[in-house]
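Q: Pasting a structure below so you can have a look.
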Amino acid sequence: MSLALFWVEELPVGDRFTLDGPEGRHAADVQRLRVGERLLLGDGAGATAECVVVDVAKSALGVRVEERFFTEAPAPRLVVVQGLPKGDRAELAVQAMTEVGVDEIVPWQASRSITHWKGERAAKSLEKWRSVAREAAKQSRRAWFPTVSELRGTAGVTPTFVLHEEADIALSTVPLPAGDITLVVGPEGGIDSNEVLDFADRGAIPVRLGPNVLRTSTAGVAALSVLSARLGRW
């Protein structure tokens with residue numbers, strides 16, 4: 001069984017460290033780690049350390065750093081521009097895409113999005129997406145946590161591919177670019193034809209996944225799986 005990962009803003013410089021705060025509370029009070037058990041500390045930016053618990057206190061652990069690692073950032077990066085879903089489908093999409101390896105998620109206010117982010121709701125929704133991504137990255141033991149960018153409109157997006165049910169080319173066969181890949185996933189109402197044309201004018205290629213129409217909360221996950229296999233990540 002893989003070791004549990006706990007997030008810290010910065011890895012300890014020395015060989016001793018106190019894991020406290022929310023992460024320490026989760027490790028000590030929820031997972032109930034004990035002296036002699038091992039865990040991972042990670043900064044979400046490639047650096048991790050394998051540690052052993054040497055002391056247990058209320059809502060905190062004292063650990064000794066045994067070994068340090070650094071994982072290079074994935075290249076090319078996989079970016080998903082996610083049309084705002086309604087309800088809890090947004091959290092499902094962010095969680096699952098993080099688990100399968102997305103490098104950046106861009107919330108997109110599409111013309112057919114039922115959900116709209118404005119004012120205080122926008123700030124709360126963005127923070128929720130970031131929190132879900134962070135927790136999913138920890139659960140899946142990722143060395144690099146994905147970026148969740150600020151909300152964008154259509155004009156602020158320059159994609160490589162656009163998932164579209166009427167596309168003639170399959171994502172599994174389309175030639176891939178040498179650099180980063182940015183993929184657009186529409187909301188429940190789909191992508192407006194004017195948006196498709198707008199993206200195409202900027203060089204985007206409409207692609208499909210298969211004969212079935214996937215939900216907005218699962219399409220990004222399926223597309224990332226195809227791309228990860230093609231790029232040799234999996």
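The values are calculated or read from the model by the stated rules, or taken from the named source; none is laboratory data. If you're wondering where the values come from, they're calculated on a predicted model, not measured in any experiment. Using ideal geometry, Cβ is built from the backbone for each residue, glycine included, and neighbour counts are taken over all protein chains shown.
Q: Of everything in segment 134-190 that's of a type in the set (Lys, Arg) and under 14 Å from the mean Cα position of the chain (by Cα), which residue is surrounded by the fewest Cβ atoms within 10 Å (Cβ to Cβ)? Break it down into steps so the answer makes sense when it comes.
A: Quick first cut of segment 134-190, residues of a type in the set (Lys, Arg) only: 134, 138, 141-142, 152.
Pick out the ones that are also under 14 Å from the mean Cα position of the chain (by Cα) and you get 134, 138, 141-142.
Details: 134: 17, 138: 20, 141: 13, 142: 22.
Restricting to residues being of a type in the set (Lys, Arg) and under 14 Å from the mean Cα position of the chain (by Cα), the top hit is 141.
Q: Moving to a separate point now. Anything in segment 1-29 that is over 21 Å from residue 139 (Cβ atoms) and in contact with a helix residue (DSSP H, G or I) (Cβ under 6 Å, 6 or more places away or on another chain)? List them, or say none.
A: Scanning segment 1-29 gives no hits.
Q: Which of the residues belonging to segment 1-40 are of a type in the set (Gly, Ala, Ser) and not in a loop (DSSP other than H, G, I, E, B)?
A: 21, 24, 27, 28
Q: Could you say whether any residue in segment 106-124 is β-branched (Val, Ile, Thr), modelled with pLDDT under 95, closer than 18 Å to residue 192 by Cβ and in a loop (DSSP other than H, G, I, E, B)?
A: Yes, segment 106-124 contains a residue that is β-branched (Val, Ile, Thr), modelled with pLDDT under 95, closer than 18 Å to residue 192 by Cβ and in a loop (DSSP other than H, G, I, E, B).
Q: Moving to a separate point now. Kindly indicate the residue of segment 58-74 that is among the small types (Gly, Ala, Ser) and outside any strand (DSSP E or B) and also surrounded by the fewest Cβ atoms within 10 Å (Cβ to Cβ) among those meeting that condition.
A: So the residue we want is 73.
Q: Then there is this: Just wondering, is there one or more residues in segment 1-11 that are more than 27 Å from residue 148 (Cα to Cα) and either buried (at least 16 other Cβ atoms within 10 Å of the Cβ) or at pLDDT below 95 (or both)?
A: Checked against the condition, which is being more than 27 Å from residue 148 (Cα to Cα) and either buried (at least 16 other Cβ atoms within 10 Å of the Cβ) or at pLDDT below 95 (or both), segment 1-11 yields at least one hit.
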